[in-house]
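Here the structure is laid out as structure tokens; the discussion comes afterwards.
The values are calculated or read from the model by the stated rules, or taken from the named source; none is laboratory data. Everything quoted here is computed from the prediction, not taken from an experiment. Cβ placement follows ideal geometry from the backbone for every residue including glycine, while neighbour counts extend to all protein chains displayed.
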Amino acid sequence: MEKEEETNRVTHNDYGLAIHKVERRNYSKSEKRCLRLKKFNTLIKYSDVICKSELRVYRRTFGIIYELVRDIGGLSEIQNMSIEEIIAMTVGNYFFRSGESLSQNFHRHRLAILKLHEHILKKPTPITEECEDDWWKIFKDSDDEMAMDVGQVSKEGRVKNKRSWIKAEDNVLIDGLLEMSNDLSWKADGNFKSRFRNKLEEKLNEKFLGCGLKTNPHIDLKINWFKDKYNVLTDMFRTSGFSWNEEKKMILCER
């Protein structure tokens with residue numbers, strides 16, 4: 001707030017010592033209100049720097065909040081406090097009021113804010129399969145891979161022939177890989193021979209007639225997914241504090 005005008009009067013006592021007496025001007029209620037509004041206007045009307053520093057929002061944002069709580073929230077000014085001051089008390093550090101006034105108007109402002117939920121919080125609109133947004137294509141492809149909804153990716157980024165794996169199919173694929181790893185006839189230079197994926201396709205289609213699983217893209221993507229998880233676990237066990245519990249079949253981590 002503006003400092004009240006002061007008058008410094010100097011008098012001398014009987015011993016010649018100077019006595020300073022400060023006299024402050026007494027302002028009327030209306031004058032105090034004018035001084036307070038003058039100080040407040042410097043915060044919200046002249047500089048974004050000052051407004052951001054004192055009220056933690058820019059002038060434009062403050063104006064938007066003012067219009068929303070007034071027009072939609074129903075917040076109104078009271079006898080000795082404007083709507084702008086009420087907002088400033090809740091969004092910033094403008095606390096030139098008594099504790100009772102702060103408490104009452106804080107709750108009035110919060111109630112007005114709650115009435116804005118239909119305008120501020122928008123309900124998400126479901127994204128359809130026909131969505132052509134380039135950013136959605138990126139997230140959609142990533143989500144498909146993580147969820148193992150594997151399929152063939154076209155040049156335009158669309159996923160075709162989507163196919164979700166079930167646990168039984170995972171088990172057959174893993175058993176087939178273990179069997180081949182123990183069979184030297186399938187080993188070649190530290191890896192499997194080139195046609196091992198075709199053999200896995202045969203096993204899966206024999207076990208699950210009509211499953212539709214193909215070497216490309218289903219089995220290739222599934223094996224790549226296993227490799228990614230294996231690499232993550234390998235890096236984890238190389239870190240001190242991680243170990244494997246064979247009995248409970250779970251990863252242990254020291255606190």
Original post:
Got a sec? Which of N198, N224 is within 30 Å of E130 (Cα to Cα) and at pLDDT 80 or above?
Top reply: N224
Original post:
Quick check, is G212 without any contact (Cβ under 8 Å) to a residue 40 or more places away in the chain and not aliphatic (A, V, I, L, M)?
Top reply: no
Original post:
Are any of the residues in segment 171-183 at pLDDT 80 or above and under 30 Å from T128 (Cβ atoms)?
Top reply: no
**OP:** Find all pairs meeting these conditions: Cβ atoms under 6 angstrom apart; at least six residues apart or on different chains; first residue within segment 37-49 and within 14 Å of G63 (Cβ to Cβ); second residue part of a helix (DSSP H, G or I) and β-branched (V, I, T).
**Re:** L43/I50
Original post:
Only one of (1) under 30 Å from E129 (Cβ atoms); (2) surrounded by 14 or more Cβ atoms within 10 Å (Cβ to Cβ) is not met by G210, so which one is it?
Top reply: (2)
